[in-house]
1. From the list H82, H123, pick out the single residue that is modelled with pLDDT under 90 and within 28 Å of S142 (Cα to Cα).
2. Within the range 81-111, count every residue that is among the aliphatic types (A, V, I, L, M), surrounded by fewer than 17 Cβ atoms within 10 Å (Cβ to Cβ) and touching a Pro at 6+ places or on another chain (Cβ under 8 Å).
3. Is the range 53-74 home to any residue that is outside any loop (DSSP other than H, G, I, E, B), crowded, with 17+ Cβ neighbours inside 10 Å and small (G, A, S)?
4. Test A96 against the stated conditions and say whether it is touching a strand residue (DSSP E or B) at 6+ places or on another chain (Cβ under 9 Å), assigned to a loop (DSSP other than H, G, I, E, B) and closer than 30 Å to G145 by Cα.
5. Quick check on the range 123-154: of everything there that is touching a residue at least 24 places away in the same chain (Cβ under 8 Å) and open to solvent by 60 Å² or more (accessible area, probe 1.4 Å), which residue is nearest to the chain's Cα centre (by Cα)?
6. State which residue is modelled with the lowest pLDDT when the search covers only the range 36-49 and only residues that are outside any strand (DSSP E or B) and open to solvent by 60 Å² or more (accessible area, probe 1.4 Å).
7. Which of the residues spanning the range 111-120 are under 23 Å from N138 (Cβ atoms) and either within 18 Å of the chain's Cα centre (by Cα) or among the hydroxyl-bearing types (S, T, Y) (or both)?
Amino acid sequence: ASGSFSAEDGAVDCEACPAGRSQAASGQSECVVCASGSFSASAVDCEACPAGRSQPASGQSECNTVCLPGTYAPAGSASCDHCPYNTYSSSPGAAACDPCPDDLKAGLGQSYCSRCLPGEAEHIADDGLSITCLKCQNGTFSPLGLYCEVPPLGWYTPDAVQSL
């Protein structure tokens, strides 16, 4: 029967496929290992991981990696990918990344959009009406794209970077 196998020729009884393996055909001598990005709890079929979750290993009974904010995974993914530039995901378990609203941007793998990218700082014009983005100076960093800061004591950044 499907979902079972027998390693012995002519056996009367078959064994159920273990979790993470499946067998859709009858009369088989082994079960098939579910590929990464899929799982099997039923032994009959391997199923694609649901969107927002991933499974990097093969032969698993569940897809237990929930994508973190700033990452996403379509159904059947072996890993969560970083959101591309100018997109974001603010919640865990995202199936896709959302585009940033007009006049806002996001760096790679961001969970929010802002006026400036990480590694840049907001600079308010003298008239107070406009904001431009300026790259942080060497030896400083800006993880949020708001302002540049000096690394904490004991940390070093060789150039202007987005984070430590």
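The values are calculated or read from the model by the stated rules, or taken from the named source; none is laboratory data. Being a predicted model, the structure only gives us computed values, none of them experimental. All Cβ positions, even for glycine, are placed from backbone atoms using ideal geometry, and neighbour counts span all protein chains on display. Side chains included, ligands, DNA and RNA excluded: accessible areas come from the protein's heavy atoms. Shrake-Rupley method; radii C 1.70, N 1.55, O 1.52, S 1.80 Å.
1. After ruling out the rest, the residue left standing is H123.
2. 3
3. yes
4. Yes; evaluated as a whole, the condition is true for this residue.
5. L144
6. Per the criteria, the residue is S42.
7. The one that is under 23 Å from N138 (Cβ atoms) and either within 18 Å of the chain's Cα centre (by Cα) or among the hydroxyl-bearing types (S, T, Y) (or both): S114.
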